[in-house]
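We did not get these values from a lab; they are worked out from the coordinates using the rules stated. Only a predicted model underlies this, so the values are computations on that prediction, with no experimental measurement involved. As a convention, Cβ positions derive from the backbone with ideal geometry for all residues, glycine included, and neighbour counts pool all protein chains shown.
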Amino acid sequence: MRQQSFSFSQQTWQRLKKNKGALFGLIIIALAVFISLFGYLVAPDATPNADLQTVEIQAKKPGFSQLFLKIPDKKNIPVGWFTKLTNGEAEDFRYLPISAYQIKKDSLVVNKYIDDDTSVVQIYSINALTNWHPKNLLIKNIVTKKYYLGTDKFGRDILSRLIIGTKVSLSVGLIAVLISLTLGIILGAMAGYYRGWIDEVIMWLVNVTWSIPTLLLVFAITMALGKGFWQIFIAIGVTMWVSVARLIRGQVLAIKELEFIQAAKALGLSDTRIIIKHILPNILGPVLVIAASNFATAIIIEAGLSFLGIGVQPPQPSWGLMIKENYNFIITHNAILALVPGLAIMLLVLAFNLLGNGLRDAVDVRSESTR
């Protein structure tokens, strides 16, 4: 029987598929990526930042339904499909919560919803509502919305903000990991390959950075750069490079003494080519593992900073910011408003940790051969 040879990546994938925990984490991450890319297409509230506020229905429990009258508002400028996909599109209507309505000749009489026991009678011209179209089009102006996860203290749809907030968490993780990997790989490879004073300077910088508490360092960088979406990327990425640099340095120290590296030096290959073409590809496994771990760490740090008010700023949705806005409901009648984003953070972080553990086992060929 002919034996089929597999590349390293194929062998890694075959081993990874056998790990149910890693496969579960990979599925959750793939689902989160899909939601972050197409969130505005699947979210019930597709307005920018899912910020459609209806204060009359604030802090409602999951499954709450409300009848609305759509009142034509100022015409918004149409946006392209790409802008709609990435930033959403503003509504051309104002949503008025109502508890009942009836048609009287050319007028629509509605009971504006104030709370469960209070309503106010208001009268609207049917012609104005339908833009002078036949009355049978009025039915399009009366809709029922269901809030599957309830509403927050501003009357916004929790499910929509949870969906749109996925993009923030994944974006922070991705950019922070790219920054930390770039700095960590470059400095770690230089320290491990050249040794001497270069190694001493880089490791001194690593030790100094490591001695400062992560959150304190992030606070300092955030305060220097200002509060905002992009500042938080840089702040988290710059604080996480030290773990990558230490790992890369150790891996390079071990590999640079192997025979194929000595042969490359004997052939007169440049140091840059040896590092890029021969050393770094052989330490890809540990890099993937620490990248997954740093991704999870970045998500937690971003959520913590947003909770403290120095991360993502409202009205942009962030899971940490959602907890901050609704945490006071934990001790009242509607704890789910703060628990849902917390569970989302926990699930995504767990997914990255499970994937990281699975990658560690999948790329460890020695442990596979000893079984």
Arrange the following residues from fewest to most other Cβ atoms within 10 Å of their Cβ: Arg249, Arg195, Arg360, Arg273.
-> Arg273, Arg195, Arg360, Arg249
Sorting Lys146, Lys105 on the 10 Å Cβ count, fewest up front, what's the list?
-> Lys105, Lys146
Relative to the longest principal axis of the chain, what angle (0 to 90°, nearest 10) does the C-alpha long axis of helix 214-225 take?
-> 70
Report, please, the projected area of the stretch 310-367 averaged over directions, based on the convex hull of its C-alpha atoms, in nm².
-> 5.8
Using the count of nearby Cβ atoms within 10 Å as a rough guide to exposure, how do Met223, Met240 rank from fewest to most?
-> Met223, Met240
Would you mind calculating the relative contact order of the stretch 42-196 from Cα pairs under 8 angstrom and at least 6 residues apart, reporting the percent as a whole number?
-> 32
For the stretch 170-183, Karplus-derived ³J(HN,Hα) couplings (6.51, -1.76, 1.60; θ = phi - 60°; whole Hz; x for glycine and proline) come out as 5, 5, 4, x, 5, 5, 5, 5, 4, 5, 5, 5, 4, 5
Net charge (Lys, Arg +1; Asp, Glu -1) of residues whose beta-carbon lies under 14 Å from that of Ser119, Ser119 excluded, is -3
Convex hull per residue volume in Å³, alpha carbons only, for the chain = 216
Would you tally the net charge around Lys84, using a Cβ to Cβ cut-off of less than 15 Å, leaving Lys84 out, and scoring K and R as +1, D and E as -1?
-> -3
GNM on the chain, Cα springs under 10 Å; top mean-square fluctuation among Ala235, Ala100, Ala344 goes to Ala100
How far is helix 196-211 tilted, in degrees, relative to the longest principal axis of the Cα atoms in the chain, given as a value from 0 to 90 rounded to the nearest 10?
-> 30
Solvent-free Debye scattering, log10 I(q)/I(0), computed from the Cα coordinates of the stretch 54-147 at q = 0.19 Å⁻¹ = -0.99
Separation between Cα centres of the stretch 78-93 and the stretch 2-72, rounded to whole Å | 20
Angle between the Cα long axis of helix 241-255 and the longest principal axis of the chain, 0 to 90 degrees, nearest 10?
-> 30
Quick calc: nm separation of the 7 Å Cα→Cβ label points for Ile212 and His333 -> 4.8
Extent along principal axes [Cα atoms of the stretch 251-365; Å; largest to smallest] = 72, 29, 17
Please state the relative contact order of the chain as a whole percent: Cα pairs under 8 Å, 6+ residues apart?
-> 21
Just the Kirkwood number for the stretch 158-369, please: inverse of mean 1/r across all distinct Cα pairs, in Å, one decimal.
-> 18.8
